[in-house]
Amino acid sequence: MEQNDKLRRLETFEAEALGFSGQLFRVALRVCRDREKAEDLVQETYLQAWRSFHRFELGTNLRAWLYRILFNVYYSGLRRHRLELAPIEEAIAETIAYDPPTPQHLTDEEVLAALERLPRDFQIPVALADVEEMSYREIADALQIPLGTVMSRLHRGRKLLRMELAGYARDAGYRVAN
Amino acid sequence: MDCRDFKELLDSYLCGELAVETNHTMLGHAERCCPCRSELAARRQLRESLRRVCSREKMSDQAMESLRARLRSDATERMGNKTGWRNWFVRFFEMRSLIPAAIVAGLLFLIGGAWGLYVLRRGDINDRRTAALSPEHIKALELSASLIDETASDHRTCAPYFINATKPAEMPNSVREYDPACVRLDKVAAEGAMGLTLRAAHVCGHGERKFAHLVYTRDGQLISLLVTVRDSRALKAGEVPPFDGLALDAQRFTYDHLALGAYQTARHIVFVVSELPENENTALAERLAKPVINHLRSAELSSIGLNRIKILREREK
């Protein structure tokens, strides 16, 4: 009886939540930079989500909730809290004042390579905003950082991405890769 | 808007994060400015390209299968058999980073345990106090049906007027004429009213009974705190017992979908009335009524004291 209830609840959970697995995986891949680790992270995220599914209010933002769990799982494995900027990365972002025009006719490979060269702390907000089309507010919730921080990271991250693509960052002697 | 502003805001524009008016200004600028127009097109292309390259990545079917299997076994396994516990234990030691947290949790547990023991012991004393009340005593404390009817009806007829009241609610000074102990009742109750919104504070009545009435709302639910005089009509026995009901938990009543929790002091009866489920209402009553009861009790004690002094002075004359 109780068992049946539980399985029925699991079916609801799967129907509601598994649809986001593609998105979660893409973000996990940005975070882990490794397919296998990313798959593990997504699996762990879903397990945790299922275990606290009874606390989730249906009808509220399930996607944001799943992202929050994903980053919690990730952070707890890292022993490092939140996305913290290493001082040197911060410095690079500060020094680049020139904003070149965005190059046109880029190949997908160039774009992906440039994105992957971004420091993770910029790469993830950019991926959440421009790939997953999350709102700034949702990103702040998922990463558990203030809205202002999200906006400044997006600003710098996108700028760095454009610099990478324009070849400026490397030509100017800045190493953006980690 | 100049070209620099335009470039600064462009990404937020593409994400739909700008206000409608700003969107118009952006479009207006792009229409007039050719370089900015091509920058807009380039960034839009870049965004689309990002989305395209990233969307190619999919989780492998194998990983999805194993995820489903893990969920299923988690749902069936955690039905109280031993492996669940063992897994939990093993996983705990895998996550070394949790050990400091576990130590903190252990300490908290100890403190909580000590506190729990203290509360239990205190509860013990309360139990003994309750035990001191004989069945006859408890019978004497029973509230009359007419009082329940008047209280519930007052909540029903009066509280809904204030459900959206926004005027700052404060007990008017005229309450002094009704009962000096109820002056500042709203301030006294505020301590237990965390999470509730005070909508009204006044004196009102139903039939012959008068109440000091605080109307609260929480999530659109009306909650009334009503204080009335503990007179002979209020009690089933028709006479006021010389002892109060302080040793009792809330007396609970239901009346036509309303839940009532009642407390008695020597001279007052305090009700908390709402349409919440009975248990929730009782829990709320306990929180809300406690500071009120303490306040009424000390007011009663001091007024008894004053009366004594008055009587003594008169005797001296």
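The values are calculated or read from the model by the stated rules, or taken from the named source; none is laboratory data. Fair warning: this is a prediction, and the values are worked out from it, not measured in the lab. Cβ atoms come from the backbone with ideal geometry, glycine included; neighbour counts cover every protein chain shown. Side chains are part of the model used for accessible areas, which takes the heavy atoms of the whole protein and leaves out ligands, DNA and RNA. Shrake-Rupley method; radii C 1.70, N 1.55, O 1.52, S 1.80 Å.
Structure summary
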{"read-out": "Gyration tensor verdict on region B:15-71 (Cα atoms; rounded if a/c is under 1.5, prolate if a/b is larger than b/c, oblate otherwise)", "value": "oblate"}
{"read-out": "Built amide H within the under 5 Å cut-off of B:Gly205, gap 5+", "value": "B:Phe211"}
{"read-out": "Stokes-Einstein D in µm²/s, Kirkwood radius over Cα pairs - region A:2-78 at 37 °C with 0.692 mPa s viscosity", "value": "256"}
{"read-out": "Spin-label proximity, B:Phe243 to region B:259-283 - amide N less than 16 Å from point 7 Å beyond Cα toward beta carbon", "value": "B:264-267"}
{"read-out": "Vicinal HN-Hα couplings computed from phi for region B:50-64 (Karplus, 6.51 cos²θ - 1.76 cosθ + 1.60; Hz; Gly/Pro x)", "value": "4, 5, 5, 5, 6, 6, 5, 6, 10, 6, 5, 4, 4, 5, 5"}
{"read-out": "Residue-by-residue Karplus 3J(HN,Hα) for region B:242-259, coefficients 6.51, -1.76, 1.60, Hz, glycine and proline x", "value": "x, 10, 8, x, 5, 6, 8, 5, 4, 7, 10, 9, 10, 8, 6, 6, 9, 10"}
{"read-out": "For region B:12-28, 3J(HN,Hα) per residue [Karplus equation, 6.51 cos²θ - 1.76 cosθ + 1.60, θ = phi - 60°, Hz, x = Gly/Pro]", "value": "5, 4, 5, 7, x, 9, 9, 6, 4, 5, 5, 3, 4, 4, 4, 4, x"}
{"read-out": "Accessible surface ranking that places the most exposed of B:Lys210, B:Lys7 first, with a 1.4 angstrom probe", "value": "B:Lys210, B:Lys7"}
{"read-out": "Under-5 Å amide H pairs with B:Leu235, H placed in peptide plane, nonlocal only", "value": "B:Ser144"}
{"read-out": "In nm, spacing of pseudo-spin labels at B:Arg51 and A:Glu14 (7 Å Cα→C-beta vector)", "value": "3.0"}
{"read-out": "Residue mean of other protein chain beta carbons inside 10 Å, B:13-26", "value": "1"}
{"read-out": "Global size of region B:144-204 as Cα Rg and Dmax, reported in angstrom", "value": "12.7, 35"}
{"read-out": "Test item: B:56-62 mean partner chain Cβ contacts at 10 Å", "value": "5"}
{"read-out": "Net charge, B:His206 excluded, C-beta distance under 10 Å - Lys, Arg +1, Asp, Glu -1", "value": "-1"}
{"read-out": "Inter-site label distance for B:Ala165 and B:Lys187 at 7 Å from Cα along Cβ, in nm", "value": "1.9"}
{"read-out": "Cβ-Cβ FRET estimate between B:Ala145 and A:Glu57, R0 fixed at 51 Å, reported to 0.05", "value": "0.80"}
